[in-house]
Amino acid sequence: MDQAPGSRPDGTHSGLPSCYRHPGRETGVRCTRCERPICPECMVSASVGFQCPTCVREGSGTGHPPAASQPRTLAGGSLTDDPRLVTKILIGLCVAVYLVQMAVGDRFTNSFELLGRAYVPVLGGVEGIAEGQWYRLLTPMFLHGGVVHILFNMMSLWWLGGPLEQALGRARYLALYFVSGLAGSALTYLIAEPNQPSLGASGAIFGLFGATAVLMRRMRYDMRPIIALLVINLIFTFGWSNIAWEAHIGGLVAGVIIGYGMVHAPREHRALVQYGTCAVVLATVVVLTLLRTAQLT
């Protein structure tokens with residue numbers, strides 16, 4: 001296909017131009033307003049044909065302010081130029097913290113891993129959530145116990161996180177990730193021995209597993225791949241020693257609940273239902289933490 005006069009040059013393969021936002025994707029569809037080539041991911045339905053996200057976001061020719069024409073994700077979030085940005089940042093944070101662990105040593109890890117209540121020799125005192133260190137419910141999500149541990153978790157985060165971030169939008173995706181991780185930490189704190197340390201992003205990642213399953217069912221995709229992968233991970237969870245299965249199960253249950261609230265919320269009260277679901281799960285985390293703290297003190 002020849003370029004329209006005056007359009008910007010596009011790299012072409014087999015005669016087709018590439019999407020203006022995804023240079024590697026050939027397409028024969030152009031925006032009805034600016035005539036930029038757009039791939040299926042970038043097509044926003046219009047009264048006639050399709051528009052590109054830029055024209056819709058800017059409200060080009062619509063007579064409405066840009067916010068009124070803001071394209072939305074399946075869950076109501078805003079479309080962005082980089083739908084994996086938050087996932088990349090989370091991976092970068094985990095890698096950066098792991099490098100600090102390697103550089104500083106056990107003192108750093110022991111200061112931030114999940115711990116109910118125990119004497120920690122390297123810190124010289126009794127430490128743990130029961131001692132008021134509630135941050136230990138959150139910080140373990142960025143700690144890892146070795147190269148294999150962080151490599152496996154980051155691969156899972158990349159594979160699951162990107163599509164979910166694109167489907168939910170950044171704010172909803174972050175809420176899912178952190179609340180699922182906190183739910184995994186809370187269940188670990190409640191059930192595990194108080195002197196048993198725990199660390200890793202697995203609780204949050206199992207939350208992504210749960211939400212992905214809900215999303216795939218909502219989209220009527222073939223569920224067998226995600227179910228098979230989840231079963232394999234659960235076999236590893238209960239089949240290997242030194243794995244905090246409580247974090248995995250807590251994150252998974254929270255992910256299913258939050259995911260359902262995210263993708264099935266009615267349009268007219270979407271944000272209220274979505275963030276309300278997160279608030280209910282977060283309130284449960286607080287209650288479980290208070291109960292366990294009362295037991296240990």
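A few remarks follow.
- Scanning segment 216-250 for residues that are of a type in the set (Lys, Arg) and part of a loop (DSSP other than H, G, I, E, B) yields a single hit, 220.
- Pick from segment 49-78, criterion farther than 27 Å from residue 163 by Cβ and out of contact with any Ser or Thr (no Cβ under 6 Å at 6 or more places or on another chain), ranking: modelled with the lowest pLDDT: 63
Here is a yes/no grid of residues against (1) buried (at least 18 other Cβ atoms within 10 Å of the Cβ); (2) closer than 22 Å to residue 136 by Cβ; (3) among the charged types (D, E, K, R):
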residue	(1), (2), (3)
199	yes, yes, no
202	yes, yes, no
210	yes, no, no
214	yes, no, no
219	no, no, no
234	no, no, no
247	yes, yes, no
257	yes, no, no
290	no, yes, no
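- Some residue of segment 112-132 being in contact (Cβ under 8 Å) with a residue 12 or more places away in the chain, part of a loop (DSSP other than H, G, I, E, B) and basic (Lys, Arg): yes
- Within segment 166-207, the residues that satisfy the criterion of being β-branched (Val, Ile, Thr) and over 30 Å from residue 119 (Cβ atoms) are 179, 205.
- The residues on offer are 132, 125, and the sole one that is at pLDDT below 95, in contact with a Phe, Trp or Tyr (Cβ under 8 Å, 6 or more places away or on another chain) and closer than 23 Å to residue 293 by Cβ is 125.
The values are calculated or read from the model by the stated rules, or taken from the named source; none is laboratory data. Remember, predicted model here, so these are calculated numbers, not experimental data. All Cβ positions, even for glycine, are placed from backbone atoms using ideal geometry, and neighbour counts span all protein chains on display.
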